[in-house]
């Protein structure tokens, strides 16, 4: 298939125009006009770029791309050059989708975790500058905090930080925003949810969520955001069966 065709498919599916993001979403580096093999990864790193080059991929599709507002203007030197160079030298397209992939109700990170723990009654959740970036729903049966922590660790294959509330109640209603959405437990608490699941937890969020009485779980930024990119890969494979698709995992413990 053509690169421009995939670009249009992703724009139509993920609707990046709905989000005021920290980064550009879509085609970040233009490479070969025709696609035969695509590598998928959580992040555009030196590892994923070199792997894409080694397996002669035509494109690399990631959740975390190369360019972020908080980095400011960057020169193509040092480690950043070594991250970008394999893509440029081998004419590999780079697509990055951040908040659109967090939020998507079919192939998003949050909905993938909700399905893993068998939540139902799923609806969009969260409010980032007017856009929902997560999912909320209900468990089939109420769980204790320790039971949900064990379930998440099994599904994520990653340790989970848990702020056990002082006056906690059984968990039935849950909000999920993956990655670094530490402070959004407040939105879950405001909506009367029992628990909030994300990727990271700061020291003050641990204490404040605990004292507020809401169960807060943080399963790792990478670990909570590897399912959306895999769901997107499956969607692309089903839509374009002639494309070769491969997922590259990372040992990132964060």
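Structure values in brief
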read-out	value
Qualifying residue in region 26-43 (condition: assigned to a loop (DSSP other than H, G, I, E, B), within 20 Å of the chain's Cα centre (by Cα) and in the same structural domain as residue 233 (by TED's automatic domain parsing))	no
Residue 237, sole failed condition from (1) on the phi < 0 side of the Ramachandran plot; (2) touching a strand residue (DSSP E or B) at 6+ places or on another chain (Cβ under 8 Å); (3) in the same structural domain as residue 138 (by TED's automatic domain parsing)	(3)
Test: residue in region 1-14 that is exposed (fewer than 15 other Cβ atoms within 10 Å of the Cβ), within 19 Å of the chain's Cα centre (by Cα) and not in a strand (DSSP E or B)	yes
Set 238, 225: member being closer than 30 Å to residue 56 by Cα and buried (at least 19 other Cβ atoms within 10 Å of the Cβ)	225
Checklist (1) assigned by TED's automatic domain parsing to the domain that holds residue 152; (2) within 16 Å of the chain's Cα centre (by Cα); (3) in a helix (DSSP H, G or I) applied to residue 189, failing item	(2)
Enumeration of residues in region 197-248 that are in a loop (DSSP other than H, G, I, E, B) and under 13 Å from the mean Cα position of the chain (by Cα)	199, 200, 219, 220, 225
Matching entry among 118, 147, 153 (being farther than 15 Å from residue 104 by Cα and in a loop (DSSP other than H, G, I, E, B))	118
Qualifying residue in region 130-143 (condition: in contact with a helix residue (DSSP H, G or I) (Cβ under 7 Å, 6 or more places away or on another chain) and within 29 Å of residue 30 (Cβ to Cβ))	yes
Tally of residues being without any contact (Cβ under 8 Å) to a residue 40 or more places away in the chain and outside any strand (DSSP E or B) across region 121-144	2
Failed criterion for residue 212 (all others in (1) without any contact (Cβ under 8 Å) to a residue 40 or more places away in the chain; (2) at negative phi hold)	(1)
Test: residue in region 87-94 that is at pLDDT 95 or above, assigned to a helix (DSSP H, G or I) and surrounded by 21 or more Cβ atoms within 10 Å (Cβ to Cβ)	yes
Residue in region 100-118 that is over 17 Å from the mean Cα position of the chain (by Cα) and modelled with pLDDT of 95 or more present	yes
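The values are calculated or read from the model by the stated rules, or taken from the named source; none is laboratory data. No experiment lies behind these values; they were computed from the predicted model shown. We place every Cβ from the backbone using ideal geometry, glycine too, and count neighbours over all the protein chains shown.
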